[in-house]
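One structure is given here, and the rest of the page talks about it.
The values are calculated or read from the model by the stated rules, or taken from the named source; none is laboratory data. A quick note: this is a predicted structure, and the numbers were derived from the prediction, not measured. Here the Cβ is made from the backbone with ideal geometry for all residues, glycine too, and neighbour counts use every protein chain on show. The area values use the complete protein model at the heavy-atom level, side chains included, leaving out ligands, DNA and RNA. Shrake-Rupley method; radii C 1.70, N 1.55, O 1.52, S 1.80 Å.
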Amino acid sequence: KRKSVNTISTNLYESILAKKLSNIQKKYTDYEIGSYPYFDFSKKKGGVNIVISSWTLTKLDHITDEIKHMISLLGGKSFIV
């Protein structure tokens, strides 16, 4: 069986996202959400890559859209990597 994976990159920091991401994870038990902070020292910019995955569901659009909407509400930008 294949694992379905989506990655969202955002310019927000993990501390801003952590609580809301945790709430989304609790709501969707068929998905796993991982957050991976990054920092580009040359550009002095950082953010988080959020990886959504599931072994049981093939469509990740609903949870991906919900996370992107949450990022937008928090004033951040996001894109699928």
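Going toward the positive end of the dipole of the stretch 1-44, with +1 on Lys and Arg Cβ and -1 on Asp and Glu Cβ, which of Tyr13, Tyr31, Phe41 do you reach last?
The residue sitting most towards the positive pole is Tyr31.
Where does the Debye-calculated log10 I(q)/I(0) of the stretch 9-55 sit at q = 0.16, 0.25 Å⁻¹, using only Cα point scatterers of equal weight, no solvent?
Calculated log10 I(q)/I(0) at the listed q: -0.46, -0.88.
Tell me the angle of helix 61-73 to the major Cα principal axis of the chain, expressed in degrees between 0 and 90 and rounded to the nearest ten.
Helix 61-73 sits at roughly 30 degrees to that axis.
Enter the angle in degrees (range 0 to 90, nearest 10) between the Cα long axis of helix 14-27 and the first principal axis of the Cα atoms of the chain, meaning the one along which they spread out most.
It is inclined by approximately 10 degrees.
Taking the Cα centre of the chain as origin and charging only Cβ (+1 Lys, Arg; -1 Asp, Glu), how large is the dipole, in debye to the nearest 20?
80 debye
Report Rg/Rh for the chain, rounded to two decimals, where Rg is the Cα radius of gyration and Rh the Kirkwood radius.
0.98
List the pairs from Lys20/Lys44; Lys19/Lys77; Lys3/Lys26 whose alpha-carbon separation is above 23 Å, in the order I gave them.
The pairs that break the limit, which is 23 Å between Cα atoms, are Lys20/Lys44.
Please work out the average accessible area per residue across the chain, using the 1.4 Å probe convention, and give it in Å².
With all protein chains present, the chain gives 68 Å² per residue.
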